[in-house]
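The values are calculated or read from the model by the stated rules, or taken from the named source; none is laboratory data. These numbers were taken from a predicted model, which means no experiment stands behind them. Cβ: placed from backbone, ideal geometry, glycine included. Neighbour counts: every protein chain shown. SASA here: full protein model, heavy atoms, side chains in, ligands and nucleic acids out. Shrake-Rupley method; radii C 1.70, N 1.55, O 1.52, S 1.80 Å.
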Amino acid sequence: MPVILAIESSCDETSVAICNNGKITANVIANQTIHENYGGVIPELASRVHQQNIVPVIQQALIDANVDKKELNAVAFTRGPGLLGSLLVGVSFAKSFALALDLPLISVNHMHAHILAHFIDEPKPAFPFLCLTVSGGHTQIVLVRDYFDMEIVGETLDDAAGEAFDKTAKILNLPYPGGPLIDKHAKLGNPLAFKFPEPQIKDLNYSFSGLKTSILYFIRKQEKENPDFISEHLNDICASVQYSIVHILLNKLRKAAKAYGIKEIAIAGGVSANSGLRAALQERAEESGWNVYIPAFEYCTDNAAMIAIAGYQKYLNGDFVEQDVAPISRMNF
């Protein structure tokens with residue numbers, strides 16, 4: 001019954017989780033508020049805050065799980081992709097911690113872990129399934145045949161959906177992080193108030209740069225006619241933008257489900273916390289007869305529980321790495 005400590009430090013959350021025989025017994029996340037002053041994540045600042053957070057976060061996770069470090073059987077960590085300085089903190093600590101306690105190391109791909117977060121709680125998807133992974137840096141449709149047998153069948157060619165949310169928020173003068181604020185205002189607006197073009201991209205791939213540009217030009221044009229346009233129509237703008245992004249995401253997902261004949265459908269990543277995407281997916285599921293899997297909110301954004309559950313599966317396979325392992329900012333899927 002392995003007890004695994006997992007570390008996630010790919011961006012601006014320092015997180016540590018404990019997995020006891022496949023069950024998450026602790027999942028501690030320390031968020032970084034310093035980046036709010038700059039309108040985005042500053043890599044150098046992120047790595048410094050990780051250094052400050054990692055020891056107390058590990059200590060808290062062990063307390064929450066009621067586990068002594070001598071009871072641990074392995075240390076899992078995010079190797080990549082992510083910000084190199086941030087990854088270095090997590091990887092270096094994992095290596096040192098494992099070396100001191102003579103524990104094996106488990107390297108985890110951050111994007112695999114987002115998908116495997118679906119195996120933390122019930123219900124769990126059956127293989128094969130399609131997973132729409134949507135975050136600030138990635139938008140992918142992944143065919144999942146087994147825990148680590150995954151294939152990207154569609155992905156963004158430029159901006160990710162999360163970037164479209166965040167850049168729209170910046171255009172609307174909303175504070176960082178803007179994605180959740182767009183979701184909040186969208187709940188109060190009319191999603192059909194304003195129409196934005198849907199990119200016509202081949203196959204199952206995405207593009208959001210054109211949508212972002214069209215939103216920018218639309219706002220500029222309206223502000224010339226009415227300088228108070230944003231403040232007077234903020235809820236409708238947010239609802240319309242969210243509707244467009246969700247519509248683009250699910251149209252491709254529907255095509256993928258039809259192409260592969262799969263009705264087991266999951267979403268993952270930070271944007272999977274978006275209420276509009278969750279509601280629209282449930283509606284599409286009823287229309288198409290899909291079995292839909294949506295992770296709990298705490299497992300959508302970056303967290304160590306997903307690293308722990310991925311590490312647990314690797315532990316069962318005896319998939320360990322040596323002490324010479326190094327972080328990779330751009331890691332192959």
Kindly list, by first and then second residue, each pair from a residue in the range 144-173 that is touching a residue at least 40 places away in the same chain (Cβ under 8 Å) to a residue that is charged (D, E, K, R), limited to pairs with Cβ atoms under 7 Å and residues at least 6 apart or on different chains.
154/203; 154/252; 159/212; 164/212; 167/212; 168/212
Positions within the range 22-48 being without any contact (Cβ under 8 Å) to a residue 60 or more places away in the chain and within 26 Å of residue 120 (Cβ to Cβ), in sequence order
23, 25, 26, 30, 31, 32, 41, 46
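So that you can scan it fast, the table gives a plain yes or no per residue for (1) open to solvent by 20 Å² or more (accessible area, probe 1.4 Å); (2) at pLDDT 95 or above; (3) within 20 Å of the chain's Cα centre (by Cα):
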position	(1), (2), (3)
172	no, yes, no
194	yes, yes, no
202	yes, no, no
217	yes, yes, no
223	yes, yes, no
227	yes, yes, no
If a residue must be open to solvent by less than 30 Å² (accessible area, probe 1.4 Å), more than 23 Å from residue 258 (Cα to Cα) and not small (Gly, Ala, Ser), how many such residues does the range 117-139 contain?
2
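Table: residues versus (1) open to solvent by less than 30 Å² (accessible area, probe 1.4 Å); (2) out of contact with any Phe, Trp or Tyr (no Cβ under 8 Å at 6 or more places or on another chain); (3) of a type in the set (Lys, Arg); (4) at pLDDT 95 or above.
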position	(1), (2), (3), (4)
248	yes, no, no, yes
253	yes, yes, no, yes
256	yes, yes, no, yes
262	yes, no, no, yes
272	yes, yes, no, no
276	yes, no, no, yes
285	yes, yes, no, no
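Listed here are the residues, each with its yes/no results for (1) of a type in the set (A, V, I, L, M); (2) part of a helix (DSSP H, G or I); (3) under 15 Å from the mean Cα position of the chain (by Cα).
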{"site": "103", "(1), (2), (3)": "yes, no, no"}
{"site": "116", "(1), (2), (3)": "yes, yes, yes"}
{"site": "127", "(1), (2), (3)": "no, no, no"}
{"site": "137", "(1), (2), (3)": "no, no, yes"}
{"site": "143", "(1), (2), (3)": "yes, no, no"}
Which count do you get for residues in the range 301-333 that are in contact with a Gly (Cβ under 8 Å, 6 or more places away or on another chain) and either open to solvent by 50 Å² or more (accessible area, probe 1.4 Å) or farther than 14 Å from residue 18 by Cα (or both)?
7
If you scan the range 275-292, which residues turn out to be over 21 Å from the mean Cα position of the chain (by Cα) and of a type in the set (A, V, I, L, M)?
285
Across the range 204-215, what is the number of residues that are open to solvent by less than 20 Å² (accessible area, probe 1.4 Å) and part of a helix (DSSP H, G or I)?
2
How many of the residues in the range 68-106 are on the phi < 0 side of the Ramachandran plot and without any contact (Cβ under 8 Å) to a residue 12 or more places away in the chain?
4
Within the range 69-89, tally of residues that are closer than 18 Å to residue 315 by Cβ and either open to solvent by 20 Å² or more (accessible area, probe 1.4 Å) or in a helix (DSSP H, G or I) (or both):
5
Any idea which of (1) open to solvent by 30 Å² or more (accessible area, probe 1.4 Å); (2) assigned to a loop (DSSP other than H, G, I, E, B); (3) closer than 21 Å to residue 142 by Cα; (4) of a type outside the set (Asp, Glu) is the one residue 295 doesn't satisfy?
(1)
Kindly check whether there is at least one residue in the range 229-237 that is modelled with pLDDT of 95 or more and in contact with a Cys (Cβ under 9 Å, 6 or more places away or on another chain).
no
